[in-house]
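**Student:** After the structure tokens below, expect a handful of questions from me.
The values are calculated or read from the model by the stated rules, or taken from the named source; none is laboratory data. These numbers come from a predicted model, not from an experiment. Counting neighbours? That spans all protein chains shown, and the Cβs are built from the backbone with ideal geometry, glycine included. We work out accessible area using only protein heavy atoms, side chains counted, and drop any ligands, DNA or RNA first. Shrake-Rupley method; radii C 1.70, N 1.55, O 1.52, S 1.80 Å.
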Amino acid sequence: MAGQPLEGVRILAVEQYGAGPFGTMYLANQGAEVIKIENPADGGDMARGVGPYFFDDEGRQSQFFHSFNLNKRSVALDLRSDEGRRIFRELAATADAVTNNLRGDVPEKLGLDYASLKDVNPRIVCGHLSAYGRDGSRKTWPGYDYLMQAEAGWFSVTGEPGSPPSRFGLSVVDLMTGVTMAFGVSSAILQARASGEGRDVDVSLFDLALHTVTYLSTWYLNAGHVQDRLPRSAHPSLTPCQTYKTGDGWIYLMCNKEKFWPALCRKIGRPELATDPRFATFKDRLAERPAIQEILDEALSAKTTAEWMVEFGGTVPASPILDIADAMDNPFVAERDGIHAFPPPPNGAELGLEEAFRMVAHPIRNSGSAPPKRPGPELGGDTDGLLAELGYGSEQIAALRKAGAVG
């Protein structure tokens, strides 16, 4: 089997909760050695205590935490202490990158930026994920996903017209910003290995949320169009592209190429609609969206969603509208090997956690190599090993632990 693409890359991650850990998990899943730097005095990553669901009865194995921290290592290190910062710099000398998802003004204070670390490692890449960036009037502001959705316009285009403004159902700004940081850091590591010089790489929740408004922002900036919410989660310019009623619920259709409209008309037993001049082009169908909705609601109500999925499969782009349980239990997920079993953590037995737990598979599939499947790390589980690697003896480590510099 071939190795993972990022084997041999070492990342120090000063991270907590969701956005930063999600991004570095992508790096870890691609083979990078991601070492979480966690403060032992604070109990490490705050996500370790996030419920309401845990794999064990003692509340030490948060299902939330594992969802963001597979395949990583952990060092319990207090960066607020002189000894802790000194050890961190020693580790940074061995690393390709340092990442963090702290408030914009904090990385410089803790010595996590390139200016602070280039003396020990000129090739170090310093990836920063913050709410509003590391400069400007908001660098000291805390910020979270839903705030970004609200200010970047997402609420205004989510949900049904006439209802209160709505957020997206998942913390997708956090997730996308984490992956964006991972891409930026990987790109910078590639350059640093070639040039011998690292750099700072900055991403922010706000910039990501604004950037992903994409074509709607372009429409406003160049045509003055302000997109509003549309009924039934419809596409702003393509029809049919929305939810429709079936005999037992709903289905989503996306006829986003001209060829799909006549195919849909044939499948619902109304081939004459394909040549109806009212519906000849995308522009024509957009103008007749209410009429098309009425026609399709009536036609699709003749069969169940499952029956229509069989009918449309491979011909008309369609999906059933599932809840989380149905989405996980979808036979196609099983066909894709979309759920993986992960072994319990090393101390699972003492916590009553001896059986494998299941999680959604990593979406990047590398030919010739099986994906790593390690649970999230125990707080400080790799501290002694990494300190020994740096040349610390057991007595020195014990003294550092007694002083509170490591945990």
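**Student:** Ignoring ligands, DNA and RNA, what percent of the 1.4 Å accessible area of the chain is carbon and sulfur?
**Tutor:** 55
**Student:** Could you tally the net charge around Leu390, taking each other residue with its Cβ under 13 Å from the Cβ of Leu390, Lys/Arg +1 and Asp/Glu -1?
**Tutor:** Within the 13 Å Cβ shell, the charges total -2.
**Student:** Right, here's the next one. Roughly how many Å² is the accessible area per residue of region 5-82, as a whole number, for a 1.4 Å probe?
**Tutor:** Normalised by residue count, the accessible surface of region 5-82 is 36 Å².
**Student:** In whole Å, what is the distance between the alpha-carbon centres of region 48-66 and region 156-229?
**Tutor:** 30
**Student:** How big is Rg to Rh over region 234-278, alpha-carbon atoms, Rh as the Kirkwood inverse-mean-distance radius?
**Tutor:** Reported Rg/Rh, Kirkwood definition of Rh: 0.98.
**Student:** Using only Cα atoms, what is the ratio of the radius of gyration of region 227-361 to 2.2 N^0.38 Å?
**Tutor:** Relative to the rule-of-thumb radius for its length, region 227-361 sits at 1.43.
**Student:** To continue, here is another question. Treat region 5-56 as a sphere of radius equal to its Kirkwood radius over Cα pairs and apply Stokes-Einstein at 20 °C in a medium of 1.002 mPa s; give the translational diffusion coefficient in µm²/s, rounded to a whole number.
**Tutor:** 179
**Student:** Amide H to amide H under 5 Å from Val98: which residues, 5+ apart in sequence or cross-chain, H placed 1.01 Å off N in plane?
**Tutor:** Leu12, Val125, Cys126, Gly127
**Student:** Then there's this: Let me check I've understood the local charge: for Met46, count other residues with C-beta under 13 angstrom from its C-beta, Lys and Arg +1, Asp and Glu -1. What total comes out?
**Tutor:** Value of the local net charge: -2.
**Student:** Follow-up question, since we're still on this one. If every alpha-carbon in region 155-276 counts as one equal scatterer, what log10 I(q)/I(0) does Debye give at q = 0.16, 0.19, 0.22 1/Å?
**Tutor:** -0.98, -1.13, -1.26
**Student:** Along its three principal axes, how long is the chain when you only count alpha carbons? Whole Å, largest extent first please.
**Tutor:** So the three principal-axis extents are 84, 50, 41 Å.
**Student:** What is the spin-label model distance, in nm, from Lys259 to Ala194 if the labels are put 7 Å beyond Cα along the C-beta direction?
**Tutor:** Each label point lies 7 Å from its Cα, and together they span 3.8 nm.
**Student:** Which value in nm describes the separation of the simple spin-label points at Arg270 and Tyr215, placed 7 Å from the Cα toward the beta carbon?
**Tutor:** 2.5
**Student:** Treat every Asp and Glu Cβ in the chain as -1 and every Lys and Arg Cβ as +1, leave all other atoms uncharged, and give the resulting dipole magnitude about the Cα centre to the nearest 20 debye.
**Tutor:** That gives the chain a dipole magnitude of about 980 debye.
**Student:** Related question: Taking 20 Å as the cut-off for C-alpha to C-alpha distance, list the pairs among Lys72/Lys118; Lys259/Lys283; Lys283/Lys303; Lys72/Lys402 that go past it.
**Tutor:** Lys72/Lys118; Lys283/Lys303; Lys72/Lys402
**Student:** Moving to a separate point now. Over region 279-339, what portion of Cα pair distances is larger than 19 Å, expressed as a whole percent?
**Tutor:** Value for region 279-339: 50 percent of Cα pairs lie more than 19 Å apart.
**Student:** May I pose another question? For region 377-407 and region 99-141, compute the distance between their C-alpha centroids and round to whole Å.
**Tutor:** Region 377-407 and region 99-141 have Cα centres spaced 25 Å from each other.
**Student:** Now a separate question. Note down the net charge around Pro161, summing +1 for each Lys or Arg and -1 for each Asp or Glu among other residues with Cβ under 11 Å from its Cβ.
**Tutor:** Charge balance near Pro161 sits at 0.
**Student:** Which shape class, rounded, prolate or oblate, goes with region 1-155 when its Cα gyration tensor gives a ≥ b ≥ c as root eigenvalues, a/c under 1.5 marks rounded, and past that a/b bigger than b/c marks prolate?
**Tutor:** rounded
**Student:** Now for a separate question. In whole Hz, with x marking every Gly and Pro, tabulate ³J(HN,Hα) for region 273-286 from phi via Karplus 6.51 cos²θ - 1.76 cosθ + 1.60, θ = phi - 60°.
**Tutor:** In residue order, the calculated couplings are 5, 5, 10, 5, x, 5, 10, 5, 10, 4, 4, 5, 5, 4 Hz.
**Student:** With a probe of 1.4 Å, find how much accessible area region 193-319 has per residue, and write the answer as a whole number in Å².
**Tutor:** So region 193-319 comes to 55 Å² accessible per residue, rounded to a whole number.
**Student:** Quickly estimate the mean residue ellipticity at 222 nm for the chain, helices only: each DSSP H run with n ≥ 4 gives -39500 (n - 2.57), and the total goes over all residues, rounded to 500.
**Tutor:** -10000 deg cm²/dmol
**Student:** Quickly work out the Asn366-to-Ala41 label distance, labels modelled 7 Å from Cα along the C-beta direction, and quote it in nm with one decimal.
**Tutor:** 3.8
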